[in-house]
1. If R0 is 30 Å, what FRET efficiency do you get for residue 352 and residue 112 from their C-beta distance, rounded to 0.05?
2. May I ask you to list the residues of the range 265-292 whose amide nitrogen lies under 14 Å from a point 7 Å from Cα along the Cα→beta-carbon direction of residue 326?
3. For 275, 236, what's the fewest-to-most ordering of other Cβ within 10 Å of each Cβ?
4. For the residue pair residue 134 and residue 252, what label-to-label distance in nm results when each label sits 7 Å from Cα along the Cα-to-beta-carbon direction?
5. So if the hydrodynamic radius of the range 208-281 is defined as the Kirkwood radius over C-alpha pairs, what does Stokes-Einstein give as its diffusion coefficient at 37 °C and 0.692 mPa s, in µm² per second?
6. Which order do 140, 287, 337, 148 fall in if you start with the one that has the fewest other Cβ atoms within 10 Å?
7. Fully extended, how many nm does the chain gain between residue 95 and residue 284 (0.36 nm per residue separation, minus their Cα-Cα distance)?
8. Subtracting the Cα-Cα distance from 0.36 nm times the residue separation, let me have the gained length for residue 263 to residue 245 in nm, one decimal.
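Read-outs: derived from the displayed coordinates by stated rules, not from any lab. Bear in mind the structure is a predicted one, so any value in this text is a computation, not a measurement. Note that we place each Cβ from the backbone using ideal geometry, even for glycine, and neighbour counts take in every protein chain shown.
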Ligand SMILES: O=P(O)(O)OC[C@H]1O[C@H](O[C@H]2O[C@H](CO)[C@@H](O)[C@H](O)[C@H]2O)[C@H](O)[C@@H](O)[C@@H]1O
């Protein structure tokens, strides 16, 4: 595994991002006396904790446990089963993971004098969750906000999707893209003026798995064809098997179909997302490693004056949240309507709130005006 064509854009040049808060006069409730939760920590035990921990599936029991956990974590089930997340859990969770909107002032204060670097997950963060993965479009308003954001800070999209696919949704050449859960990283070539097609591959740590992933994709398509509305998505260095539109009674059957294919591939592993099983190479690489790689590529390795912000909604984003906690730098924001075990420091309820938070940050940067990142390029 070697790094290929690693670009090191000259981004960092002691830019003082004196960002101050943008929303103090908004109707949003602020909790001025509350400090951002210290890293590490911030966990709150919730009833599903044991179930949800480390559900990589290798064995029969785990397949069943995964299907159970997927049922338990489905919003409709949570609503119908208040005991799963009772009122006490809800309120303690929000104390440990306050709304990023409520904590905006403190967050902005903590980033003062540091270079913000933005990491954004795609599905469930920039776009709402929909039944058909091919229709998960982001709104024009969100695109506009992200475009503006990228003018101020280095900005990366970190997604489980195939890089090309996520690019076709986001359509912003000025961003960094880490597709396939960070296994396919590209960025704008220096001096490229951010034209489409001017991106350069920075790192593909699982490139030797490509033929295997193609093979397993075909096998999964064939194997799951008997399950109505199952969908298999080729994400290049990983494959997703979608359960969302499959009748819940068929979930066990579908999970077993997936496992029967995977049994033949000891070099692949299974992870779970939102009503999806994902098949990936067993390499030690994830969204957290991708975040570290990008920070290093941007010239922020071992820097104390960098402030990475990662916004994501899913289990795979936890790897990035954990890295930020371990580093004690920046913070993670979990997009979720429901309490979840997380290493993120803050929460937002849905992509619309993420859009609002990003927009507010921008509002302040544009007001102060003197710290736009592009000046450093
Ligand atoms: O890392 P992400 O950008 O969040 O990608 C994770 C997976 O997202 C997509 O699936 C999810 O969103 C779909 C569209 O809203 C939804 O139908 C599905 O149930 C969700 O799991 C994507 O299709 C997957 O390939 C990604 O791995």
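1. Values: r = 27 Å, r/R0 = 0.90.
Rounded to the nearest 0.05, the efficiency is 0.65.
2. Residues 284-292 fall inside that zone.
3. On the way: 275 18, 236 22.
Going from sparsest to densest Cβ surroundings: 275, 236.
4. Spacing of the two 7 Å Cα→Cβ label points: 3.2 nm.
5. On the way: Rh = 12.0 Å.
Answer from the Stokes-Einstein relation: 273 µm²/s.
6. Values: 140 8, 287 27, 337 14, 148 17.
Ordered by Cβ neighbours within 10 Å, fewest first: 140, 337, 148, 287.
7. On the way: separation 189, 0.36 × 189 = 68.04 nm, distance 3.29 nm.
So the chain would gain 64.8 nm between residue 95 and residue 284.
8. Working: separation 18, 0.36 × 18 = 6.48 nm, distance 2.48 nm.
Between residue 263 and residue 245, full extension yields 4.0 nm more.
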